[in-house]
1. Look through region 87-108, keep the residues that are in contact (Cβ under 8 Å) with a residue 40 or more places away in the chain and either open to solvent by 60 Å² or more (accessible area, probe 1.4 Å) or in contact with a strand residue (DSSP E or B) (Cβ under 7 Å, 6 or more places away or on another chain) (or both), and return whichever of them is farthest from ligand 1 (Cβ to nearest atom).
2. Give the residue, chosen from P225, P201, P140, P148, that is loosely packed, with under 14 Cβ neighbours inside 10 Å and either at pLDDT 95 or above or of a type in the set (D, E, K, R) (or both).
3. Which members of region 45-59 meet the condition of being open to solvent by 10 Å² or more (accessible area, probe 1.4 Å) and touching a residue at least 40 places away in the same chain (Cβ under 8 Å)?
4. Would you confirm whether or not region 194-212 contains a residue that is assigned to a helix (DSSP H, G or I), among the hydroxyl-bearing types (S, T, Y), under 22 Å from the mean Cα position of the chain (by Cα) and away from ligand 2 (no atom under 13 Å from the Cβ)?
5. Given the residues L270, L264, L277, which is the only one that is surrounded by fewer than 16 Cβ atoms within 10 Å (Cβ to Cβ) and either under 27 Å from F8 (Cβ atoms) or at pLDDT below 95 (or both)?
6. Is it the case that some residue within region 76-83 is within 19 Å of the chain's Cα centre (by Cα), in a strand (DSSP E or B) and over 27 Å from Q244 (Cα atoms)?
7. Take P246 and tell me if it is over 22 Å from Q46 (Cα atoms) and over 17 Å from the mean Cα position of the chain (by Cα).
8. Any chance you could count how many residues in region 167-187 are aliphatic (A, V, I, L, M), over 16 Å from the mean Cα position of the chain (by Cα), surrounded by 17 or more Cβ atoms within 10 Å (Cβ to Cβ) and within 16 Å of ligand 2 (Cβ to nearest atom)?
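The values are calculated or read from the model by the stated rules, or taken from the named source; none is laboratory data. No experiment lies behind these values; they were computed from the predicted model shown. In this analysis, Cβ positions are derived from the backbone assuming ideal geometry, glycine residues included, and neighbour counts consider all displayed protein chains. Only protein heavy atoms, including side chains, enter the accessible area calculation; ligands, DNA and RNA are left aside. Shrake-Rupley method; radii C 1.70, N 1.55, O 1.52, S 1.80 Å.
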Amino acid sequence: MSTDLTEFIERRKKELNAVILAHYYQRPEIQDAADFVGDSLQLAIQAARTEAEVIVFCGVTFMAESAKILNPDKIVILPELQAGCPMADMATGEALRAKKAEMPGVKVVCYVNSSAEVKAESDICCTSANAVQVVESLPPECPILFVPDQNLGHYIARQTGRDITLWEGYCPVHQVVSLEQLVEARRRHPEAVVMVHPECPPDVIEASDHALSTGGMLKLAKTDPAQEFIVGTEEGLLYQLRKQNPEKKFHLIKSEFICETMKLTTIDKLARSLETLEPRIEVPEDVRIRAQKALDRMIQIS
Ligand code: 13P
Ligand code: SF4
C-alpha cells in the first residue's frame, strides 16, 4: 500500500473517530489497514463494544448489517455495497415465516450469515465459533430449525445429538470442496493436521481432524505442536495464519479457494469510503429491534 494512502486512512480515521473492522477473508492490505481483524463472532463482539462513532466494515453485507443492528446511532459503512453473501441470500424473511407456520413451537437458530430480516424472525443467532454452545443453550425438548447453512446445521446436529431441521442453504465457496481433494492434500502432506470450516460438506468434515471457525483455526495453528496444516477455508485466512506463525507451513486444501464478494473491497474503495462516509448500511427500525434480540442472546452466551 502506498504511504500516501496509509497516511490518508490513518488521518481520516482520527478525524472521524472511526474504527476499521475486517474479516480474515479480506485482501492482505485491508487486513493490515484494519484496527481489528476477526471471524464473524469476534467482529460482532467488537462491533457491540466499540466506542468509535463510525464503523467501517470490510467484509460482506450481513456483517455490516449486524454492526448496524447493534449500533443504531452510529454510522456503519460497507466500502463496497455489492459485497453480499450468496448463502445469506438463500433464506428470506417471507420463506422463514412460512416455514415457522408449519412448525409450531419451533426455535429458530440463525447463522449470522443471513439478512437482518431473517435474524428478526429468529430466536437466537450463532456463528460457526459458538453454534454448538448456542444450540446446547436451548431446552432439550424444543424442536430446532437451523437456517440457512445445511452443512453447519448438520455438523451441530452431530455434535449435540439434537434433532435439527435444516434449511437447504449452503456456501457456494465451501460447498465445492470434495473428499477427493482432502485425500489428495493428505497424500501430498502426510504430516499435516487438516482443519476445515464447518460450511464444508459433511464427508469432508468427517475426514478432517478439526472443523473450526476461521478464528478457531488461527488458535489451533498457534497452540498445536504440528508444524504443517491443510486449510479448508477461503485463502484470505492463509495471510493471517502465515503472519502469526512464520515458522509453520500452511497448504490450501485445493488450488483456488476464493470468496469473490469478500475480495470486492479494495484499499482504494476503503479510502474513498472514509473520504465520503458512503456507502452506508441502514436497517429499518422495526426489523432492527427484533434482529437485535437474536444477536444479543448470542453475544450474551459467547
Ligand atoms: P467465520 O465466522 O468462521 O469467520 O466464517 C465466516 C464466513 O463467512 C465463512 O464463510
Ligand atoms: Fe458467504 Fe461463503 Fe463468502 Fe462466507 S465464504 S461470505 S459464507 S459466500
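1. In this case the residue turns out to be M103.
2. On the way: P201 fails: loosely packed, with under 14 Cβ neighbours inside 10 Å; P140 fails: either at pLDDT 95 or above or of a type in the set (D, E, K, R) (or both); P148 fails: loosely packed, with under 14 Cβ neighbours inside 10 Å.
One residue alone meets the criteria, P225.
3. I45, A48
4. no
5. Of the residues listed, the single one that is surrounded by fewer than 16 Cβ atoms within 10 Å (Cβ to Cβ) and either under 27 Å from F8 (Cβ atoms) or at pLDDT below 95 (or both) is L277.
6. Step one: filter region 76-83 for residues within 19 Å of the chain's Cα centre (by Cα), giving 76-83.
Okay, now just the ones that are also in a strand (DSSP E or B), so 76-77.
From what is left, the residues that are over 27 Å from Q244 (Cα atoms) are 76-77.
Checked against the condition, which is being within 19 Å of the chain's Cα centre (by Cα), in a strand (DSSP E or B) and over 27 Å from Q244 (Cα atoms), region 76-83 yields at least one hit.
7. Spelling it out, P246 is indeed over 22 Å from Q46 (Cα atoms) and over 17 Å from the mean Cα position of the chain (by Cα).
8. Taking region 167-187 first, the residues aliphatic (A, V, I, L, M) are 173, 176-177, 179, 182-183, 185.
Imposing the further condition that a residue be over 16 Å from the mean Cα position of the chain (by Cα) reduces the set to 176-177, 179, 182-183, 185.
Of the ones still in play, those that are also surrounded by 17 or more Cβ atoms within 10 Å (Cβ to Cβ) are 177, 182, 185.
Then keep just the ones that are within 16 Å of ligand 2 (Cβ to nearest atom); that gives 177.
Looking only at that region, the number is 1.
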